[in-house]
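Reviewing the structure listed below.
The values are calculated or read from the model by the stated rules, or taken from the named source; none is laboratory data. Since this is a predicted model, take the numbers as computed values, not measurements. We place every Cβ from the backbone using ideal geometry, glycine too, and count neighbours over all the protein chains shown.
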């Protein structure tokens with residue numbers, strides 16, 4: 001049904017509770033991911049200028065894995081970059097930094113995620129102002145990315161992390177307002193568990209705008225380690241004819257390798273179950 005990837009950090013010293021299963025040098029990431037069965041790796045980067053881009057590309061090619069996306073949330077958490085800051089200099093710095101991520105996306109042939117780097121709305125009485133900042137930034141970034149052949153995706157984020165664009169419908173409506181050809185929806189199951197009540201309806205609502213998917217169980221566990229009904233997600237993605245990557249984003253419990261391996265094996269098992277059930281439904285019809 002799908003290709004599968006795993007979220008990765010190029011540093012080992014990121015906080016243990018961060019939802020990044022594999023951490024370490026790119027050679028280790030690519031080799032470990034491929035050994036388990038993944039065909040893609042997502043990079044969650046603090047700063048693209050810290051790394052040798054050619055080495056990143058070569059290591060993945062050597063192990064026959066691709067880069068699925070570059071996640072940019074660490075630019076907010078660790079570097080303080082915000083796309084909707086009231087300070088024009090902060091907004092400009094965030095846009096310019098994301099352009100570097102887009103440059104790297106071009107070098108690695110992958111998309112770029114716009115999530116927590118957008119920032120929280122500080123005053124909902126002035127919501128239109130802050131939404132306008134993000135719209136302005138997304139237009140500039142989209143135009144830049146289009147010239148580089150790079151796609152952008154906007155992620156739904158649970159309300160205990162971000163105070164806006166929490167549900168899939170909210171993200172899709174924002175994407176529609178942008179009406180940009182290279183900007184799509186990024187679906188995260190952890191956030192949907194708390195923010196969306198109709199999984200199938202939410203996936204259908206996205207339509208062709210759905211470009212990227214994170215599988216993360218309750219408590220940010222690997223798929224199968226919590227109580228998310230991943231069969232419903234997989235069935236909805238299958239019926240919507242989703243063709244993109246499904247990427248495990250979870251904290252490395254009980255350790256990195258077991259987390260990544262169990263997540264992959266569970267996703268493949270769920271895929272098999274859904275395929276059989278869909279085939280049976282077809283026969284009955």
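Output the residues belonging to segment 141-156 that are surrounded by fewer than 24 Cβ atoms within 10 Å (Cβ to Cβ) and in a loop (DSSP other than H, G, I, E, B). Scanning segment 141-156 gives 149, 151. Inclusion of residue 121 among residues that are closer than 30 Å to residue 193 by Cβ, out of contact with any strand residue (DSSP E or B) (no Cβ under 6 Å at 6 or more places or on another chain) and part of a helix (DSSP H, G or I) is not warranted. The single residue among 98, 83 that is touching a helix residue (DSSP H, G or I) at 6+ places or on another chain (Cβ under 7 Å), outside any helix (DSSP H, G or I) and modelled with pLDDT of 95 or more turns out to be 83.
Considering segment 159-169, the residues that are crowded, with 16+ Cβ neighbours inside 10 Å and touching a helix residue (DSSP H, G or I) at 6+ places or on another chain (Cβ under 7 Å) include one that is nearest to residue 68 (Cα to Cα), namely 168. Taking segment 66-80 as the range and being touching a residue at least 40 places away in the same chain (Cβ under 8 Å) and in a loop (DSSP other than H, G, I, E, B) as the test, only 72 passes.
Within segment 213-250, track down each residue that is in contact with a helix residue (DSSP H, G or I) (Cβ under 8 Å, 6 or more places away or on another chain) and part of a helix (DSSP H, G or I). Hits for segment 213-250 are 218, 220, 230, 231, 232, 233, 234, 235, 236, 237, 238, 239. Working only within segment 157-167, note down all residues that are farther than 21 Å from residue 42 by Cα and either assigned to a helix (DSSP H, G or I) or at pLDDT 95 or above (or both). Hits for segment 157-167 are 159, 162, 163, 164, 165, 166, 167. Of all the listed residues (111, 138, 194), the sole one being surrounded by fewer than 16 Cβ atoms within 10 Å (Cβ to Cβ), within 19 Å of the chain's Cα centre (by Cα) and either at pLDDT 95 or above or over 21 Å from residue 239 (Cα atoms) (or both) is 194. Considering the conditions (1) surrounded by fewer than 21 Cβ atoms within 10 Å (Cβ to Cβ); (2) without any contact (Cβ under 8 Å) to a residue 60 or more places away in the chain, residue 215 is excluded by exactly one of them, (1).
Listed by first and then second residue, the pairs linking a residue in segment 264-277 that is without any contact (Cβ under 8 Å) to a residue 60 or more places away in the chain and on the phi < 0 side of the Ramachandran plot to a residue that is surrounded by 20 or more Cβ atoms within 10 Å (Cβ to Cβ) and part of a helix (DSSP H, G or I), with Cβ atoms under 6 Å apart and 6 or more places separating them unless they lie on different chains, are 270/230; 270/234.
Tallying residues that are part of a helix (DSSP H, G or I) and either in contact with a helix residue (DSSP H, G or I) (Cβ under 6 Å, 6 or more places away or on another chain) or farther than 23 Å from residue 216 by Cα (or both) within segment 170-188 yields 7.
In segment 122-135, the qualifying residues are those that are over 25 Å from the mean Cα position of the chain (by Cα) and surrounded by 12 or more Cβ atoms within 10 Å (Cβ to Cβ), and the one that is nearest to residue 81 (Cα to Cα) is 129. Taken over segment 142-179, the criterion of being free of Cβ contacts under 8 Å to residues at least 24 places away in the same chain and touching a strand residue (DSSP E or B) at 6+ places or on another chain (Cβ under 6 Å) is satisfied by 171 alone.
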